[in-house]
Amino acid sequence: MGTRWRAWYPCCNPHLVHVYMFTSTSLLIISLAYFALLLGIAKLGDRLMPFKAYANQHLQAIIYSLSLGVFLTSWTFYGSVGRAATSGWDFLGPYIAPIAFFLFGHRIIYKIILIAKRENIGSISDFISSRYGKSRRLAVIVTLMATLGLLPYIALQLKAIDLSYAVLTTQGDISSVHADFSVFIIAILIGIFSVLFGAKQVDTSAHNPGMVLAIAAESLIKLIAFVAIGVFATYVLNDGFGDIFSQLEQQGGRTSLASFDPFRSSFIIETFLALIAVLCLPRQFHMMVVENTNPEHVHTARWLFPLYISAMCVFMIPIAWAGTQALAGSGVNADVYSLMLPMVKGQDGLVILAYVGGISAAMGMAAVSTIAISTMITNDIIMPFILHVKAVDVSQNRDLGRLLLNLRRLTIFAILMLAFGYYLLIDRGTALVSIGLSAFVAVAQFGPPLFAGIFWRGGHVRGATAGLMAGFAAWIYCLLLPNLTGLFDLSGSIISNGPFGIEWLRPTALFGLQLDPISHATVISLSLNITLYYLVSKFNTPRLIDRIQADLFVGTLSNAGLVEGRRHHSGHTVDDLTKLLERFMGYRRTVDSFNQLAHQQPQLDLHKDAPINAILIHHCERALSGIIGASSARVVVESSLNDKAVHLGDVVSIVGEAAKAVSFNRGLLQATIDNVSQGITVIDPDLNLVMWNQRYLELFDFPDGVVTVGTPVEDIIRLSALEGEYGQIDPAKIVADRLSMIAKGEQHRSIRYRENGTVIEVQGNAMPDGGYVNTYTDISEQHAAETALRSSQNDLLQANESLELRVEERTQTLSKVNQELEQARAQADASHQSKTRFLAAASHDLLQPLNAAKLFSTALAQRQATLQQDPQSVELSTHLDASLTNAEQLISDLIEVSKLDGGSLKPHKQHFKIAPLLDQLASEFKVLCQQKNLTFSLKCSQTTLYTDPVMLRRVLQNFLTNAIRYTATGKVLLGCRRQPQGLEIQVWDTGFGIPQDRLEDIFVEFKRLETGPHAQQNGIGLGLAIAQRTANTLEHDLRVNSHYGAGSMFSITAPWGDADLVKAKPSNSGVTANHQQLVGYRVLVIDNEMAILQGMQVMMQQWGCQVYCAASSAEALSLLGSLAKSDEPNLILADYHLDQSLLGTDAIADIRQALNGEIPAIVITADRSQQMKKAVAEAGFGLIHKPLKPAVLRKLISRLR
């Protein structure tokens, strides 16, 4: 080895042979002893740090700050001294940047740590790919760039260790092979340390306290060694800093220091590279972000890490000057002054300390870099590749975690072996320094997508990919290619003349830019990177996942993130958290929750005026997470304490939990259609089957696997045709005709006579938003009855020509058949009544969750109005409320149809003036007409009618709704005409009109005109069916007259009434629905549905009410027992049907008896039976039907007060 190193490092000069004091064996023993010390420290850290960290956060912050010293490698320990000796203050570039970044940019570090903790990030490639839509391709690119860029840098750390051997061993004592073997052993030791303490867990975002403590100890040893050498050079070899600068001035050195130009391009570029590298180097990102256990530790690192770097820099010039004076004329390389200076002065202990400091800097950097890169390679390249080629069956392999961990460990040793090979390779060339500096330029390419990604929402994955690839290509062309050319003695024609002889494309002077190689490559690569990143991002539309991730990364600090936000809650008290929990949990559960916390944390101040802290916030989130989910709990707490709008990422989290409710409702819908006697299929706009019920499968008995979600309906039609479902018609023609009919959305009705004797009626209708629905009804019995009836009629005609006996026989046969027909009709009627009862019951059950959803929607809308959220959130709330209103209307219509068909809805006729009813309708619908730019007119009457005003109003509402819906321009008229039998109330419009042959169809339920302009309007086809049934119930005439393309007129005629019999209505003067009157009003809500309790509580608390919630009478009595007299409720709201067959009226009576007072009470129920209404009226309670309308509730409460 000696010959080789004397050719490369002048420190091995024959004139200095007498200063060599160590053998290679002694140095190897020292290295092994130091390695054993590191293992002991790391083992101690793994055992004690998880417990000590929580007990002493200040100590943990100091350890964290010291571990960041891994930024200073062996080239700081050796090379910076040499640079100070040759270039003066130029060595400061790589150190000014990290000092300034930590002092003034610590909030950037803080933000990145918050993001990493929330996203469970384990590497810089993971961070960048997560920001840009979790792109695996981007992660692979970052991993490859980091690996190729840092392998030479790791090799240079091995070279530094070899350099220490070369300087300290006796000349001729060590051969080249022996030296290489020693470096190989140290590389293996670095790998063992990395595996034992950096790759012991599958979760890459998990912390490695032992490794962190060992790296912090290495940083401390490195600092102690360098400061010791600096003190020796400053105060032993010289008389202090003043003496050194005096000597410099006397010998002209002061002039070279004073001539330092901080604005020189190379110095600025080097400083800029260090600024990016302090965060973008994989080892630095790993120690600073991944291994951080508390973001608050950044505030300690803000001053301690700059102080650490400053302590190293202070002694650079003194060591350089002392080395120059002591080794003048020896030809010793200035890079090894820190080793040679104590050695030539005979300071054996200081020499050993310097050697340990040097290998400490090298081993720390190599270990952490290897861990970081191995994590990136296994997570982003190896494991995805294995899974992609199906080398591992994930469903069967239960030990996938161990496989990943073993792969990571093998990768660590593979990286170190590659670095060792590179170390051997560069030993034969002359590109040592340039290859080391080129690593910084490669890593600098991560800067634009990383820094821009946390501040600019417009960054796109394609922009980041294009920028990284362009910057990396420029790095290869401008730096790597020239270095490899010299390394392998390749042809230099491209380097000297450019490709194809184009001189301005030369790698070292691209586009004619004349700078030093590092500055040139930095400017070219980063310019291309930033430009393409911006332009490509601007011209690409982000996907939903891009928008979500951008919002999470950019908005971390701006929307008061979980950790940062808690540092600014000083204005909030325990009472604020108590009120927040009461909205969701109720008073009693909230009190119990805080009592339990007081028992667990007796040192906490839980007085209502006490300030909150992190423990209280965490307790509040944990309590809410069991009710609304963890992600929603975090959003609710943070938005309540910080008065911030909910961002898109949080909205998606809440929507994910709401999807569970949607899944439940879908299951309820499936259960409903499975209980319908008809077969049902639903086809999507792409002509694929998406839904069916069990009855459909029973009717047709398809083979297994045919009827699945997404099956093309073409396949099902073809299979049916081949099995003879359509008779002897060509299957191809059947398929074509049916697909054409479905695609056009045409209505159809057909009868299938099947080979097994059954007769199926098939009806098809297009759905409003695309798609098609078919119903299949088994009418075999009806068909048999009709056939028998027709046969009987024929027999009767023949009997008229036969003998009297034959007439008698046929008459008997006809009677028998008629009896069978009546029985069939009775069965059909019974089936219809059963269907009606089932629909009513199902609709009643569906009203319960819709009622809760409506309450939450109302509360959300009021909350948004208060917070003035962004337009997208307001629009989302408006659409949600509209959808719930439509669903509520549909179910209400279904209930009304079922009651009308079942005969349970009886009219309550009375004598009343028609004018007030018409005036109210005019006020309501005039606003709707104005929204569509239609003219509304009213021709009123002052007469008296005798009918049910509520049912009459519903009929007129349906007329007016249809008139406005199907009128694009013109006007709508509500008027009256006197007729002999009564007053005919008419609704005229200038709308689309109805063809004469379709007038009967419009009164059939679920039947709409799907052609012409009618197809463009929303609706389900129940309004006019309800109107006709209502008119029949009232025994009123309903009339329609229409001209297609000109307009329509619908009317109902009500009989005259007696003005003397009109009952006077109580005055409502002074009663308003303003909920400001309800501030401080105490309300007790009793309902066995938790969702309805929560919804009522949120809504009424926003009115200013104090709300007590209970699920039963017993729970309510228990709650009231804990209240003071002044806190007793002013009003009781109770559901009619409670659990265990208990009634709300009984619960109210029990509470009144317990409180010894007639407290006003309102029963809220979805039950519309006469029995219920009678019971509530006799008890003297108010009554409101579900779904609850907040305005109706406010008005009734105001009246009861």
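The listed residues are Met316, Met288, Met340, Met363, and the only one of them that is over 26 Å from Leu38 (Cα atoms) and either touching a Ser or Thr at 6+ places or on another chain (Cβ under 9 Å) or in the same structural domain as Ile161 (by TED's automatic domain parsing) (or both) turns out to be Met316.
Looking only at residues in the range 506-525 that are among the hydroxyl-bearing types (Ser, Thr, Tyr) and within 12 Å of Ile268 (Cα to Cα), the one that is surrounded by the most Cβ atoms within 10 Å (Cβ to Cβ) is Thr522.
Checked against (1) of a type outside the set (Lys, Arg); (2) under 22 Å from Ser780 (Cβ atoms); (3) touching a Pro at 6+ places or on another chain (Cβ under 7 Å); (4) exposed (fewer than 13 other Cβ atoms within 10 Å of the Cβ), Ser750 meets all criteria but (3). Exactly one residue out of Ser802, Ser791, Ser815 is over 60 Å from the mean Cα position of the chain (by Cα), more than 24 Å from Gly757 (Cβ to Cβ), at pLDDT 70 or above and not assigned by TED's automatic domain parsing to the domain that holds Val762: that is Ser815.
Every condition in (1) touching a Cys at 6+ places or on another chain (Cβ under 7 Å); (2) within 23 Å of His207 (Cβ to Cβ) is met by Leu92 except one, and the failing one is (2).
Pairs linking a residue in the range 56-80 that is free of Cβ contacts under 8 Å to residues at least 12 places away in the same chain to a residue that is of a type in the set (D, E, K, R), with Cβ atoms under 9 Å and 6 or more positions apart or on different chains, are Leu59/Lys52. Looking only at residues of the range 578-605 that are buried (at least 16 other Cβ atoms within 10 Å of the Cβ) and modelled with pLDDT of 80 or more, we find that the one that is farthest from Val1083 (Cα to Cα) is Leu604.
Confirm whether Gln747 is out of contact with any Ser or Thr (no Cβ under 7 Å at 6 or more places or on another chain), in the same structural domain as Tyr696 (by TED's automatic domain parsing), polar (S, T, N, Q) and more than 19 Å from Gln678 (Cβ to Cβ). For Gln747, the condition - out of contact with any Ser or Thr (no Cβ under 7 Å at 6 or more places or on another chain), in the same structural domain as Tyr696 (by TED's automatic domain parsing), polar (S, T, N, Q) and more than 19 Å from Gln678 (Cβ to Cβ) - is not met. Checked against the criterion of being hydroxyl-bearing (Ser, Thr, Tyr), in a loop (DSSP other than H, G, I, E, B) and out of contact with any strand residue (DSSP E or B) (no Cβ under 9 Å at 6 or more places or on another chain), the range 322-333 contains one or more residues that satisfy it. Of the residues making up the range 1132-1183, those that are among the acidic types (Asp, Glu) and touching a residue at least 12 places away in the same chain (Cβ under 8 Å) are Asp1135, Asp1139, Asp1146, Asp1150, Asp1167. For Asp239, the requirement of being at pLDDT below 80 and among the acidic types (Asp, Glu) is not met. The criterion of being charged (D, E, K, R) and under 18 Å from Val690 (Cα atoms) holds for Arg738.
Scanning the range 676-696 for residues that are in contact (Cβ under 8 Å) with a residue 12 or more places away in the chain, out of contact with any helix residue (DSSP H, G or I) (no Cβ under 6 Å at 6 or more places or on another chain) and not in a strand (DSSP E or B) turns up Val676, Ser677, Gln678, Asp684, Pro685, Arg695, Tyr696. Residue under question is Arg738, and the condition is that it be without any contact (Cβ under 8 Å) to a residue 60 or more places away in the chain, in the same structural domain as Val682 (by TED's automatic domain parsing), farther than 15 Å from Val682 by Cα and among the basic types (Lys, Arg); does it hold? No, not satisfied.
Screening Phe305, Phe267 for residues that are surrounded by 19 or more Cβ atoms within 10 Å (Cβ to Cβ) and either at pLDDT 85 or above or under 30 Å from Gly210 (Cβ atoms) (or both) leaves exactly one candidate, Phe305.
Residues in the range 1164-1176 that are closer than 29 Å to Lys1125 by Cα and assigned to a helix (DSSP H, G or I): Val1176 only.
The values are calculated or read from the model by the stated rules, or taken from the named source; none is laboratory data. Quantities reported herein were computed from a predicted structural model and do not represent experimental measurements. Reconstructed Cβ throughout: ideal geometry from the backbone, glycine too, with neighbour counts over all protein chains shown.
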